[in-house]
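Here is the structure we will look at, set down as structure tokens.
The values are calculated or read from the model by the stated rules, or taken from the named source; none is laboratory data. It should be emphasised that the depicted structure is a prediction, and the values quoted were computed from it without experimental measurement. In this analysis, Cβ positions are derived from the backbone assuming ideal geometry, glycine residues included, and neighbour counts consider all displayed protein chains. Side chains are part of the model used for accessible areas, which takes the heavy atoms of the whole protein and leaves out ligands, DNA and RNA. Shrake-Rupley method; radii C 1.70, N 1.55, O 1.52, S 1.80 Å.
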Amino acid sequence: MKKINVLKPVLVSNQQRARENRKVFDKMNSLVINIIGSPGAGKTSFIKNIVTNLKTKYKILVIEGDIKGQIDSKTISRLGVDVIQINTVTECHLDAFMTAQALGRIKKKYDLVLVENVGNLVCPAEFEIGEDYKLAILSTPEGDDKPLKYPLLFHLARVIVINKCDLLPYVDFGVGDAIRNIRKENPGATIFEVAAKTGAGFDKVCKHLEKEIHARKKKNTR
Ligand SMILES: Nc1nc2c(ncn2[C@@H]2O[C@H](COP(=O)(O)OP(=O)(O)O)[C@@H](O)[C@H]2O)c(=O)[nH]1
Ligand SMILES: [Mg+2]
């Protein structure tokens, strides 16, 4: 029996579409971050902190990817920034074609576009959407071994956020072990330790993002 590998052509056409999306984001001068993590890791809570801290200085768009419903979109809308919902229905990740549909609904320019991918540590890592980079969120109750068990995401992510650090006294999670495991997959990643519930650690994350927003603008005006 002949085996046909359909994943490769799917990924190649996805990548072509992602490049087209990238050109549109470039025209808007936007820093685009693809936020990936398990269900419940704190992706929406992370976005809430960033939006709350930066919304008066920068124009922010949030794209929410969920299989069904608009729960997170409604939460983010209440903060007073623009939100676009993508429902993937059967898919466990966003892809470049779904993102292109969202792009068609954008009417303004944004400094920062935060994309909350579908909660999943596997598939979202494989599909580019036209982002500047992937940001992985790992929360402490998930365990410090996850970077070794889901290496692709932690290998590709430029920024890795360890969330729910307020729970460290109650969970078996070694921050040092987690960082060592991340470094095995990705020696150059920028790592932040935060608690989205309390806001701890977000001063550093926001400073980093502000630098990147400005660097992104300079790059485009060159
Ligand atoms: N203790 C604690 N809980 C958190 C933290 N961040 C998020 N949560 C809670 O974790 C749950 C899932 O968070 P959410 O942001 O919806 O995760 P998402 O599914 O990745 O978007 C919610 O009940 C949040 O209040 C944190 O830093 N510490
Ligand atoms: Mg969420």
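Dividing the Cα radius of gyration by the Kirkwood radius, what Rg/Rh value follows for segment 71-203?
Numbers: Rg = 15.9 Å, Rh = 16.3 Å.
Rounded to two decimals, Rg over Rh is 0.98.
Reported to the nearest whole Å, the Cα centre-to-centre distance from segment 190-213 to segment 15-69 is 15. At a probe radius of 1.4 angstrom, the accessible area of the chain per residue rounds to 51 square angstrom.
With each run of n ≥ 4 DSSP H residues scored as -39500 (n - 2.57), what mean residue ellipticity at 222 nm is computed for the chain after dividing by its residue count and rounding to the nearest 500 deg cm²/dmol? Don't skip to the answer; put the middle values down first.
On the way: 9 runs with 94 residues, N = 222.
The helix-only estimate for the chain comes to -12500 deg cm²/dmol at 222 nm.
Classified by the C-alpha gyration tensor, segment 1-66 has an oblate form. Its axis ratio a/c, with a ≥ b ≥ c, is 1.5 or above, and a/b does not exceed b/c.
When segment 98-222 is described by a simple charge dipole with +1 on each Lys and Arg Cβ and -1 on each Asp and Glu Cβ, the residue from 115, 161, 176 located farthest towards its positive end is 115. With contacts taken as Cα pairs under 8 Å and at least 6 residues apart, the chain reaches a relative contact order of 25 percent.
Two decimals is fine: what's Rg over Rh for the chain, C-alpha atoms, Kirkwood radius as Rh? The partial results should precede the final answer.
Details: Rg = 17.1 Å, Rh = 17.8 Å.
Rg/Rh for the chain comes to 0.96.
The share of accessible area on segment 7-221 that comes from carbon and sulfur is 53 percent, using a 1.4 angstrom probe. Computed on the Cα trace of segment 88-147, the radius of gyration divided by the Kirkwood hydrodynamic radius gives Rg/Rh = 1.01.
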